[in-house]
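A short write-up of the structure that comes next.
The values are calculated or read from the model by the stated rules, or taken from the named source; none is laboratory data. Computed from a predicted structure; not experimentally measured. Cβ coordinates were reconstructed from backbone atoms using ideal geometry, including for glycine residues, and neighbour counts include every protein chain displayed.
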Amino acid sequence: MTEAALSPPAEQSVPTAPAPPEVSSLRLVLTLAVGGLVCGLLLVLAFQATLPAIQQNKEAAIERAVREVLNAPQRFVALFVHGGKLVAEAPAGVDAKGLERVFLGLDAASRPVGFAMVSGEPGFQDTVRLIFGCDAEGRTLLGMKVLESKETPGLGDKIEKSAPFISQFKGAAAPIVGVKAGDGSGKAEEIDMITGATISSKTVIRIINNKLEKMRPLLEAYGVETGP
Amino acid sequence: MGNLIWIFISAMVVNNFTLSMFLGICPFLGVSSRIETALRMGVANIFVLTLTSLCAWFLNTYILAAVPFLRLISFIVVIASLVQITEMAIKKLSPTLFRQLGIYLPLITTNCAVLGLAIFQTNREYGLLQGLFFALGAGLGLTLALVLMASIREKTELSTVPAVCKGTALTLLIAASLSLAFGGFAGLGSQS
Amino acid sequence: MKQTTPSQDLLAGIWKENPVLIQVLGLCPTLAVTNTVANSLAMGIATFAVLCCSSVLVSLSRKVIPNEVRISAFMLIIATFVTVADMCLEALVPTIHKALGAFIALIVVNCIILGRAEAFAFKRPVGRALLDACGNGIGFMVTLLIMGSVREVLGSGTFLGFSLFGPGFEPWVIFVLPPGGFLTLGFLLLFVSWREQRAALRAAGADAGAAARRVA
């Protein structure tokens, strides 16, 4: 390739006709810097103004979800997963934001009624994220709520909207097994899958089983540690 | 590892950036009239996407944790500079390609795919490696969509089309059928 | 520069130079968030607000911003307003914020906003810039609403969440899925180009008629 071919083509088209008055680069930098400062200030103000409401919304959303899957306990506390254990407070020097949270529901006498935890795995379309509750031993489910999914409207999204499907998780014995609707024998671990949305239904079941299997040792250890 | 593969496959075909998330529609409609240009545009995009993913991860991990409200501005600035660098590199390495891409190269800055990648990566809290796989998948998916579109459009140029359909309308209707076809990839992620 | 009246500035964006249907800009949000009317409305309002604010600010500071760094300055202004809009939506309507997700942040790269700043607001006084921004914002919102209505009514059989056809209706699910977005916009553009063609034919017919009368 020759030198000419390598020369950038755009430079030939640079307008040579009346150049606009030269602006010093100092002014360019200064304008942008002042502009950036003003924008930054505006953002800080807006951030301060909206932060309380945003946090309140987020807390309220979590609270609603936890209450729903733990059958409205008296109150609940957040525990952190750290070093293969559940701890009530993040250890010193560890950022609590980076730790996974498990919610412990308590009854009026401060006895544990169950744990709620969040998990997600690939579904039919995109990752399905859900929260579910189980009793203090991790043997019986208390409820399930899908937090995020992009499953097919009208079919797969029934995992989120169909009340008969969702209510089955209340009282089901873990690990749960999916059966074709109507084929069940009435055992406590059976969940009737949604017709036409087998993959989405299986995803929900898989997420709960996998998560519970991973967390059960932690739940049991926590019960022994803090138990009577 | 399985997680990484799912992120890659998901970004490439199941949730293809262009055909199912509508990111990067501008080049999809603009530079898809010839296969060769489409391919090159795709490669330029893969390059920018990968770099963006790296930078976004770096920014998120080391700088933006304290000032989350500056995220959007910093992303835009980083992407604009990255595109500028890519432009200079391409200009130096392949002037022909530079001429062919023309206006669409600087337009990568306002390409939703690049900013979208940075934002999705942040929202889903991907790590460095996950982010890279996500970017590669997204870039390949974008290239795939561009090339498919270009090969169909090369054919339609030779056939008679009702005058009303000429232009963007026809391209969108073709995109609809492509998008429908990509719907068939759904379910790839669930193993059961 | 072509002289225009204030009302022309306002009206051009709504139909004659509609940003989506005629200029084919800002397709990403038009396709991505229009699967329900509520989402379309929220997206339309957010974009409208950002467009108006940034056009006004760009126009106000047009004498201060040097030509060389104007695009960077525009991006700075737009990104600021989008972040503010994002935070406001999250604080006020969290459900909508969740449904729109990353697409609020993506208003930054909506070509309509940068386009209006570059093509109009940077050269005109504030009042005109605001009118132009309003016109384009309304044009964009109307298009989103048309898309949203078609897709929600056909795809879920509801309008703003209210059931329209009763339980006997089998929804055309495809319309709320991604292909439906392409399909709806494709047909909308077909309609626009059909109207343009008809108008052109009529004009030609009228010309021919006038010519024929002159000859007679």
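Would the stretch A:128-141 turn up any residue that is surrounded by fewer than 24 Cβ atoms within 10 Å (Cβ to Cβ), within 14 Å of another protein chain (Cβ to nearest Cβ) and in contact with a strand residue (DSSP E or B) (Cβ under 8 Å, 6 or more places away or on another chain)?
Yes, the stretch A:128-141 contains a residue that is surrounded by fewer than 24 Cβ atoms within 10 Å (Cβ to Cβ), within 14 Å of another protein chain (Cβ to nearest Cβ) and in contact with a strand residue (DSSP E or B) (Cβ under 8 Å, 6 or more places away or on another chain).
Can we say residue A:5 is within 11 Å of another protein chain (Cβ to nearest Cβ) and at pLDDT 85 or above?
Spelling it out, it is not the case that residue A:5 is within 11 Å of another protein chain (Cβ to nearest Cβ) and at pLDDT 85 or above.
Please work out which residue is farthest from residue A:215 (Cα to Cα), limiting yourself to the stretch A:79-102 and to residues that are in contact (Cβ under 8 Å) with a residue 40 or more places away in the chain and touching a strand residue (DSSP E or B) at 6+ places or on another chain (Cβ under 9 Å).
It comes out as A:79.
For the list (1) part of a loop (DSSP other than H, G, I, E, B); (2) within 27 Å of residue A:187 (Cβ to Cβ); (3) acidic (Asp, Glu), I need the number of the one condition that residue A:89 fails.
(2)
If residue B:101 satisfies all but one of (1) crowded, with 16+ Cβ neighbours inside 10 Å; (2) at pLDDT 80 or above, what's the number of the condition it fails?
Unmet condition: (2).
Only one of (1) within 18 Å of residue A:214 (Cβ to Cβ); (2) surrounded by fewer than 16 Cβ atoms within 10 Å (Cβ to Cβ); (3) within 14 Å of chain B (Cβ to nearest Cβ) fails for residue A:118. Which number is that?
Looking at each condition in turn, residue A:118 falls short on (2).
Which fully enclosed strands (runs of 3 or more DSSP E) of the stretch A:100-182 have 3 or more residues being within 24 Å of residue C:94 (Cβ to Cβ)?
Once the strands (runs of 3 or more DSSP E) in the stretch A:100-182 are filtered for at least 3 residues that are within 24 Å of residue C:94 (Cβ to Cβ), what remains is A:101-106, A:112-122, A:127-134, A:141-148.
Which is buried (at least 16 other Cβ atoms within 10 Å of the Cβ), without any contact (Cβ under 8 Å) to a residue 60 or more places away in the chain and not in a helix (DSSP H, G or I), of C:171, C:179?
Going through C:171, C:179 in turn, the sole match is C:171.
Out of all the residues in the stretch B:178-192, which are surrounded by 13 or more Cβ atoms within 10 Å (Cβ to Cβ) and away from chain A (no Cβ under 14 Å)?
Correct list: B:178 only.
Show the residue pairs that are 6+ apart or on different chains and have beta-carbon atoms under 9 Å apart, the first residue being within the stretch A:125-136 and farther than 21 Å from residue A:64 by Cβ, the second being among the hydrophobic types (A, V, I, L, M, F, W, C) and at pLDDT 90 or above.
The qualifying pairs are A:136/A:104; A:136/A:115.
Hey, can you tell me all the residues within the stretch C:119-130 that are touching a helix residue (DSSP H, G or I) at 6+ places or on another chain (Cβ under 7 Å) and surrounded by fewer than 24 Cβ atoms within 10 Å (Cβ to Cβ)?
Hits for the stretch C:119-130 are C:120, C:122, C:124, C:125, C:126, C:128, C:130.
Taking the conditions exactly as written (more than 13 Å from every other protein chain (Cβ to nearest Cβ), in contact with a Pro (Cβ under 9 Å, 6 or more places away or on another chain) and more than 13 Å from residue A:132 (Cβ to Cβ)), does residue A:192 satisfy them or not?
Here the answer is yes, as residue A:192 does meet what is asked.
Looking for whichever is polar (S, T, N, Q) and farther than 27 Å from residue A:50 by Cβ here; the options are C:83, C:47, C:143. Which one fits?
None of the others qualify; the one that does is C:143.
Just wondering, is there one or more residues in the stretch B:145-159 that are away from every other protein chain (no Cβ under 12 Å), under 29 Å from residue C:71 (Cα atoms) and either among the hydrophobic types (A, V, I, L, M, F, W, C) or outside any helix (DSSP H, G or I) (or both)?
So far as the stretch B:145-159 goes, yes, one or more of its residues are away from every other protein chain (no Cβ under 12 Å), under 29 Å from residue C:71 (Cα atoms) and either among the hydrophobic types (A, V, I, L, M, F, W, C) or outside any helix (DSSP H, G or I) (or both).
Select, from B:33, B:20, the only residue that is within 14 Å of chain C (Cβ to nearest Cβ) and modelled with pLDDT under 90.
Testing whether each residue is within 14 Å of chain C (Cβ to nearest Cβ) and modelled with pLDDT under 90 leaves just B:20.
Of all residues in the stretch C:45-71, how many are surrounded by fewer than 23 Cβ atoms within 10 Å (Cβ to Cβ) and either assigned to a helix (DSSP H, G or I) or within 12 Å of chain B (Cβ to nearest Cβ) (or both)?
Residues in the stretch C:45-71 being surrounded by fewer than 23 Cβ atoms within 10 Å (Cβ to Cβ) and either assigned to a helix (DSSP H, G or I) or within 12 Å of chain B (Cβ to nearest Cβ) (or both): 12 in total.
May I ask you to say which residue of C:125, C:94, C:66 is closer than 22 Å to residue B:71 by Cα and not hydrophobic (A, V, I, L, M, F, W, C)?
When all the criteria are applied, what remains is C:94.
Would you call residue A:169 surrounded by 17 or more Cβ atoms within 10 Å (Cβ to Cβ), in contact with a strand residue (DSSP E or B) (Cβ under 8 Å, 6 or more places away or on another chain) and of a type in the set (Phe, Trp, Tyr)?
Yes: the conditions hold for residue A:169.
Residue by residue, here is whether (1) touching a residue at least 12 places away in the same chain (Cβ under 8 Å); (2) within 9 Å of chain C (Cβ to nearest Cβ); (3) more than 21 Å from the chain's Cα centre (by Cα) holds:
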| site | (1), (2), (3) |
| --- | --- |
| A:27 | no, yes, yes |
| A:32 | no, yes, yes |
| A:36 | no, yes, yes |
| A:48 | no, no, yes |
| A:52 | no, yes, no |
| A:61 | no, yes, no |
| A:71 | yes, no, no |
| A:77 | yes, no, no |
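Which residues, taken from the stretch C:1-44, are of a type in the set (A, V, I, L, M), outside any loop (DSSP other than H, G, I, E, B) and in contact (Cβ under 8 Å) with a residue 60 or more places away in the chain?
Once the filter is applied, which keeps residues that are of a type in the set (A, V, I, L, M), outside any loop (DSSP other than H, G, I, E, B) and in contact (Cβ under 8 Å) with a residue 60 or more places away in the chain, the stretch C:1-44 yields C:10, C:11, C:12, C:27, C:31, C:32, C:37, C:38, C:41, C:43.
Output the residue which, of all residues in the stretch B:36-59 that are under 17 Å from residue B:152 (Cα atoms) and over 14 Å from the mean Cα position of the chain (by Cα), is nearest to the other protein chains (Cβ to nearest Cβ).
Top of the filtered list is B:37.
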